[in-house]
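Participant: Handing you a structure now.
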Number of protein chains: 4
Amino acid sequence: MQKYNFRNDYSEGAHPRILEALARASGEQNEGYGLDRHSLRAAELIRAACAAPQAAVSFVEGGTQANLLAAAALLRPWESVVAAETGHIHGHESGSIESAGHKIIAVPGTEGKLTAAAARRALEQNREEYCPRPGMLYLSDSSETGTVYTREELQELRELCREEGLRLFVDGARLGSALCVEGGGVTLETVAACADMFTIGGTKNGALLGEALVTPDPALAAGFRRLMKQRGAMLAKGMVLGVQFEELFSDGLFFQLARHANAQAERLRQGLAGLGFRFFAGSPTNQLFPLLPARVEEPFRRLCACEVWGRQEGETAVRLVTSWATRPETVEAFLRDCAALL
Amino acid sequence: MQKYNFRNDYSEGAHPRILEALARASGEQNEGYGLDRHSLRAAELIRAACAAPQAAVSFVEGGTQANLLAAAALLRPWESVVAAETGHIHGHESGSIESAGHKIIAVPGTEGKLTAAAARRALEQNREEYCPRPGMLYLSDSSETGTVYTREELQELRELCREEGLRLFVDGARLGSALCVEGGGVTLETVAACADMFTIGGTKNGALLGEALVTPDPALAAGFRRLMKQRGAMLAKGMVLGVQFEELFSDGLFFQLARHANAQAERLRQGLAGLGFRFFAGSPTNQLFPLLPARVEEPFRRLCACEVWGRQEGETAVRLVTSWATRPETVEAFLRDCAALL
Amino acid sequence: MQKYNFRNDYSEGAHPRILEALARASGEQNEGYGLDRHSLRAAELIRAACAAPQAAVSFVEGGTQANLLAAAALLRPWESVVAAETGHIHGHESGSIESAGHKIIAVPGTEGKLTAAAARRALEQNREEYCPRPGMLYLSDSSETGTVYTREELQELRELCREEGLRLFVDGARLGSALCVEGGGVTLETVAACADMFTIGGTKNGALLGEALVTPDPALAAGFRRLMKQRGAMLAKGMVLGVQFEELFSDGLFFQLARHANAQAERLRQGLAGLGFRFFAGSPTNQLFPLLPARVEEPFRRLCACEVWGRQEGETAVRLVTSWATRPETVEAFLRDCAALL
Amino acid sequence: MQKYNFRNDYSEGAHPRILEALARASGEQNEGYGLDRHSLRAAELIRAACAAPQAAVSFVEGGTQANLLAAAALLRPWESVVAAETGHIHGHESGSIESAGHKIIAVPGTEGKLTAAAARRALEQNREEYCPRPGMLYLSDSSETGTVYTREELQELRELCREEGLRLFVDGARLGSALCVEGGGVTLETVAACADMFTIGGTKNGALLGEALVTPDPALAAGFRRLMKQRGAMLAKGMVLGVQFEELFSDGLFFQLARHANAQAERLRQGLAGLGFRFFAGSPTNQLFPLLPARVEEPFRRLCACEVWGRQEGETAVRLVTSWATRPETVEAFLRDCAALL
């Protein structure tokens, strides 16, 4: 086992405040199926944070489930989803969207992001009746390569959807990190104003499990609880999810944890840059992609657990991820050990 | 709000030992997606408890999800499921099995149980090519009306499945309560010897969430983890489920909690019988179905939250459920208040 | 092989006028995928016959396919279909509707028909979020037991659908026979005014294959051609279907053939009644259900191919079906041979 | 309307021999659902032609339907299909395979063909549990760009499937044309020896409609007729398909028609080459892809109906298709009119 672990942001359990809240609520008697007081209050807090007072808010267990439910709820049977080739739903969810009957049209991304231009090309190429008509755009923010969408990019995609009668879905498994980028200019309000449905990820930002699924226009969520039940996404003890989001959206804990993760990534980024590492992709969020020269790869990976992202021209790109649980002193110690490697 | 709540066995959170185990594990760094040490050890404990050393064991979030995954894994696209009309999958899961493409052939139950005779009739009536061929029998143990299967009944269903090339699935959302019936004679070993796949319910027996899905012959579970991922049933922090089952299957906690629930139900049953109540259905488990005469219904239901099960000839059957969290003194106090009603 | 065959109304091929029309069109060059001149003209003729000038009209290969497409087009993923227990989709289509993800809620029929009262009960029993919410009523006219809906019954079901936000689908595999019942009072206009989608069966009324699928409000058919393509229901040589319906709806051939089938059924009915046979179910259409006393069953079935419908109290109900191809002299000869049996 | 139509091979109806056979059979009484004498005999003739005496042979209405049924029959729910990017199922069937729950992994083709090397790369890239595991290779022969597979290529793909536990499916919508390529060396026997399931297209080779679906190992077709019924692919008057294939496989009509189409394509190819046209892709079958210089495009397309295949560097590739119905004198006249254009 390596001394350091930057493999992902879900290795640790939950933030202590969340565990305490769960322990407190565990002694109560609560309504089942997400109708408990905690889930209701968490939904209220999220609506306020999104400035979307009418929004339907549900809590589901994980990201793949949320993506699947969104496609099932928003699409007609013959409609497809347009996503960047790097989109999580395309290669990393074992054919989940397709299991719900919908094709993914994968288009080249720009820095891991779906652009309006690429989406428009996919639309042009699929107008014929025998083509899988796009019904929804899928994007992840932050993206799978750690980049974030600007306010203008989101608005441009929104506009395209309006013109073409499409739905816009934002997979926010790492939305906290995206929103907390320094000078990013995108807020929960921005996302709620642009997306037809989006998730706010808890699992990768301090919760034991759970994603909040937000539908700003509640008419689009009619029947959604029936769909959740049908696909096995409704917990009998729904308070387990509600309590966690209630805690995350009290006193700004959600943003505090995301800022912490970003700050540790920045610490790591500057440290590695200082040691001469270059990066495969620029990323202001909690995922870094340093390039390892051939002679460094092996000792680096003996030192630190991380995922290999790709190989090119003698270099290996790896992914390092920080989280709410990453301690500054761990990062510093790791950087010192790195320096010793070189 | 009523003074007492016997509405169900998932109103409370988790047993303190489980919360403590989660808090301990929360500080560790664990592998994701159910490959953590806790999930692996929990699976090992369950295999031992089932005397099924080769069994594949997975942990999923809830019962509807488990039932859906089992149907998807065990059936060919044109195969149907035979279940009792009262079966949970038939009327209480929002069309979950059908959403996976499979018809349910609902047959009359006997005391809420699927009999081999009824299953055989469904087979006879569906042999033609235009009929939805049965591929699996579904039963819940304990059943939706609180009854339990005998060893002989399970073996007879097993034999029918062998003869007809069917799979046998046991929904064990309340399996703990069934196994802990006094003199019941059915053990985890019995179930593992009869069923092709079955669940061991955690949610209704002291866990925050989670069902263990056991496949005694691992060949039937080939690809099952891909299916879980595809349907959104694989938690990034899989240890959340593993830890709970590890704790439940250490020192017999699982059985201890189920016995407690049964004992409180028995206390309630005897108390109510002593007060002159009759019962809609005999049940040795943690669900009771007393019949309320018309004049008693309203005060009874003001006193105690419970579900209405049905009405007939001036009487109302309600369901009272006890759990691992039901305190004996609460039952006694309730019985005293009941006596005062009459 | 028996001397007579009353097994069904699809044993023979197509009426000579249809074969000739196919032969003529076969030499032309036509647009593909249902956009040929014949399909367009057939749609126009059907719209006129239905007094539904805006209706979307598509042609598909068979009844099961039409039913499946209707469910997929009209329902949201969590919605179910209410049908009589005898409904063709429930037990005779190998789980077709369920393969598209939708549950069928089967309710007791009255003379093989779905009543508004039975549908209303199904709605009442499935209001909870965990229940499979009905989204559509399915009825077959004529029904599987040969009965027909009155204008009032159709209007009552229409009204129920309006109140409850449901769709009404009429499976018209034998609609011709239903519409041509003496004094029936239901016309294509009636059906088009009541149903959200319905079929006009060609296969059982003189065509080689083909059902016209009519959607009076074309907004409900948006995307329907994409769905047809997706489910393999769009013929490259769509003219094969269009030509047949063009011929059927020119000069009233469709109704002429249905009246012929009904008349032969009536001839058979009166002849059998004259011989002392009683009937399992009254039916004014091209399906008869005589009851055979035990001693008659074997010689009767040696004389005539037919389906066994059920057995009760020493009698066997069989189904005799006439068609556009049944010759009066065949019926008369059969009746004479029957008389000789007794 | 243009003077010539080379848009596709399904503009005309059926060969006169097929129409006559249908007319003859139309007067008979036949068993329904593909169990008629013609379907049984057609299956026998096809088994003989394939030297696959145990093969299961079914007849379905069209190519998309056949592809969909094959995927549903051969795959487990979490398995995907590997196909060339140009594969018909990927962009031209409105998401049909995905509607059955399966992802398509599209890989770059070589001259429109799926190579073993490309398939192997797709396998390597999708081994992780979160990836959509390939379960089947899909190829079209002849391909969408008119090319054909060699015996060696088919055998190499067969071998890859054996090694990796995959199924091999051959979409033979234009198999006749592929098998009749001069010196091609691939026969029905070759295909039957390599593919787990394949189609023999009737629609594009002289039938009104219909594809024969052949499964050399009948164990892989267990339950297939139930699946056909379920997906609306079983005609009540199954003889309509059986008769056509019976005729096509009597006296070699199937091959005679395909050779005719190929010969007219060759006539067209040589004529156009003689006029100086170059071709986008080499193709020995009944599809040609001439490149039209900019100044020629408009008059060419006024003269002749055809599909635009793509544009590059000032040239437009169009697709010209010949069929069993293309007359030599029409080709000659077209070539003369072309010459006049230049």
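Participant: Hey, residue B:53 hits all of (1) touching a residue at least 24 places away in the same chain (Cβ under 8 Å); (2) more than 10 Å from chain A (Cβ to nearest Cβ) but one; which does it fall short on?
Facilitator: (1)
Participant: Could I ask something else about it? Filtering the stretch D:282-311 down to residues that are over 24 Å from the mean Cα position of the chain (by Cα) and hydrophobic (A, V, I, L, M, F, W, C), which residue is farthest from residue C:28 (Cα to Cα)? Talk me through it step by step, then tell me what you get.
Facilitator: Step one: list which residues in the stretch D:282-311 are over 24 Å from the mean Cα position of the chain (by Cα), which gives D:292-303, D:311.
Next, only the ones that are hydrophobic (A, V, I, L, M, F, W, C) stay: D:292, D:294, D:296, D:300, D:303.
Details: D:292: 28, D:294: 32, D:296: 28, D:300: 22, D:303: 18 Å.
It comes out as D:294.
Participant: Taking the stretch C:312-342 only, how many residues are over 25 Å from the mean Cα position of the chain (by Cα) and part of a strand (DSSP E or B)?
Facilitator: As a first pass, look at the stretch C:312-342 and keep what is over 25 Å from the mean Cα position of the chain (by Cα): C:312-315, C:329, C:332-342.
Restricting the remaining residues to those that are part of a strand (DSSP E or B) gives C:312, C:315.
Going through the stretch C:312-342 one residue at a time, the tally reaches 2.
Participant: Moving on. Being without any contact (Cβ under 8 Å) to a residue 60 or more places away in the chain and assigned to a helix (DSSP H, G or I) is the filter; apply it to the stretch D:296-311 and report the residue that is nearest to residue D:7 (Cα to Cα).
Facilitator: Looking at the filtered set, the residue picked out is D:300.
Participant: With the requirement that a residue be part of a loop (DSSP other than H, G, I, E, B) and more than 7 Å from chain C (Cβ to nearest Cβ), what does the stretch D:219-232 give you? Working first, answer last.
Facilitator: Step one: filter the stretch D:219-232 for residues part of a loop (DSSP other than H, G, I, E, B), giving D:222-223, D:231-232.
Selection gives D:222, D:223.
Participant: Within the stretch C:112-148, count every residue that is under 18 Å from residue C:173 (Cα atoms) and among the charged types (D, E, K, R).
Facilitator: Total meeting the criteria: 3.
Participant: Right, residue A:62: at the interface with another protein chain (Cβ under 7 Å from one of its Cβ atoms), closer than 23 Å to residue A:201 by Cβ and in contact with a strand residue (DSSP E or B) (Cβ under 7 Å, 6 or more places away or on another chain) or not? Steps first, please.
Facilitator: Details: at the interface with another protein chain (Cβ under 7 Å from one of its Cβ atoms): yes; closer than 23 Å to residue A:201 by Cβ: yes; in contact with a strand residue (DSSP E or B) (Cβ under 7 Å, 6 or more places away or on another chain): yes.
For residue A:62, the condition - at the interface with another protein chain (Cβ under 7 Å from one of its Cβ atoms), closer than 23 Å to residue A:201 by Cβ and in contact with a strand residue (DSSP E or B) (Cβ under 7 Å, 6 or more places away or on another chain) - is met.
Participant: Quick one: residue C:68 ticks every box in (1) out of contact with any strand residue (DSSP E or B) (no Cβ under 7 Å at 6 or more places or on another chain); (2) surrounded by fewer than 24 Cβ atoms within 10 Å (Cβ to Cβ) except a single one, so which number is it?
Facilitator: (2) is the only condition that residue C:68 fails.
Participant: Still on this structure: State the number of residues belonging to the stretch D:1-26 that are at the interface with chain C (Cβ under 7 Å from one of its Cβ atoms) and of a type outside the set (A, V, I, L, M, F, W, C).
Facilitator: Total meeting the criteria: 7.
Participant: Taking the options D:258, D:273, name whichever one is among the hydrophobic types (A, V, I, L, M, F, W, C), touching a residue at least 24 places away in the same chain (Cβ under 8 Å), assigned to a helix (DSSP H, G or I) and out of contact with any Asp or Glu (no Cβ under 8 Å at 6 or more places or on another chain).
Facilitator: Values: D:273 fails: touching a residue at least 24 places away in the same chain (Cβ under 8 Å).
Criteria check complete, one pass: D:258.
Participant: Which residues, counting only those in the stretch C:19-38, are in a loop (DSSP other than H, G, I, E, B) and either among the charged types (D, E, K, R) or in contact (Cβ under 8 Å) with a residue 40 or more places away in the chain (or both)? Walk me through it before giving the result.
Facilitator: First, pick out the residues of the stretch C:19-38 that are in a loop (DSSP other than H, G, I, E, B): C:27-36.
Passing the criteria: C:28, C:30, C:31, C:32, C:33, C:34, C:35, C:36.
Participant: Which condition from (1) crowded, with 19+ Cβ neighbours inside 10 Å; (2) touching a residue at least 24 places away in the same chain (Cβ under 8 Å); (3) within 14 Å of chain B (Cβ to nearest Cβ) is the one that residue C:131 breaks?
Facilitator: Failed condition: (2).
Participant: Can I ask one more? Tally time: how many residues in the stretch A:216-227 are closer than 14 Å to residue A:72 by Cα and within 20 Å of the chain's Cα centre (by Cα)? Please lay out each step first, then the result.
Facilitator: Here is the first cut: in the stretch A:216-227, the ones closer than 14 Å to residue A:72 by Cα are A:220-227.
Filter again for within 20 Å of the chain's Cα centre (by Cα), leaving none.
Residues meeting the conditions: 0.
Participant: Filter the stretch D:72-85 down to the residues that are under 17 Å from residue A:97 (Cα atoms) and within 14 Å of chain C (Cβ to nearest Cβ) and list them by number.
Facilitator: D:72, D:77
Participant: Only one residue in D:266, D:313, D:246 is among the charged types (D, E, K, R), at pLDDT 95 or above and surrounded by fewer than 19 Cβ atoms within 10 Å (Cβ to Cβ), so which one is that? Break it down stepwise before answering.
Facilitator: Working: D:313 fails: at pLDDT 95 or above; D:246 fails: surrounded by fewer than 19 Cβ atoms within 10 Å (Cβ to Cβ).
Sole residue among the options that is among the charged types (D, E, K, R), at pLDDT 95 or above and surrounded by fewer than 19 Cβ atoms within 10 Å (Cβ to Cβ): D:266.
Participant: Here's something else I'd like to know. Taking residue B:236 and the conditions (1) within 14 Å of chain A (Cβ to nearest Cβ); (2) crowded, with 24+ Cβ neighbours inside 10 Å; (3) not in a helix (DSSP H, G or I), which numbered condition does it fall short on, given that it satisfies the others?
Facilitator: Among (1) within 14 Å of chain A (Cβ to nearest Cβ); (2) crowded, with 24+ Cβ neighbours inside 10 Å; (3) not in a helix (DSSP H, G or I), the lone unmet condition for residue B:236 is (2).
Participant: Please tell me if residue A:170 is in contact with an Asp or Glu (Cβ under 7 Å, 6 or more places away or on another chain) and either at pLDDT 95 or above or buried (at least 24 other Cβ atoms within 10 Å of the Cβ) (or both). Talk me through it step by step, then tell me what you get.
Facilitator: Details: in contact with an Asp or Glu (Cβ under 7 Å, 6 or more places away or on another chain): yes; either at pLDDT 95 or above or buried (at least 24 other Cβ atoms within 10 Å of the Cβ) (or both): yes.
Judged against the criteria, residue A:170 is a match.
Participant: Given the condition more than 12 Å from residue B:240 (Cα to Cα), under 19 Å from the mean Cα position of the chain (by Cα) and among the aromatic types (Phe, Trp, Tyr), answer yes or no: does some residue in the stretch B:10-23 qualify?
Facilitator: yes
Participant: Yes or no: the stretch C:86-107 includes at least one residue that is under 30 Å from residue A:33 (Cβ atoms), surrounded by 24 or more Cβ atoms within 10 Å (Cβ to Cβ) and more than 11 Å from every other protein chain (Cβ to nearest Cβ).
Facilitator: No, there is no match, as no residue in the stretch C:86-107 is under 30 Å from residue A:33 (Cβ atoms), surrounded by 24 or more Cβ atoms within 10 Å (Cβ to Cβ) and more than 11 Å from every other protein chain (Cβ to nearest Cβ).
The values are calculated or read from the model by the stated rules, or taken from the named source; none is laboratory data. Remember, predicted model here, so these are calculated numbers, not experimental data. Neighbour counts are summed over all protein chains in view; Cβ atoms, including those assigned to glycine, are modelled from backbone coordinates with ideal geometry.
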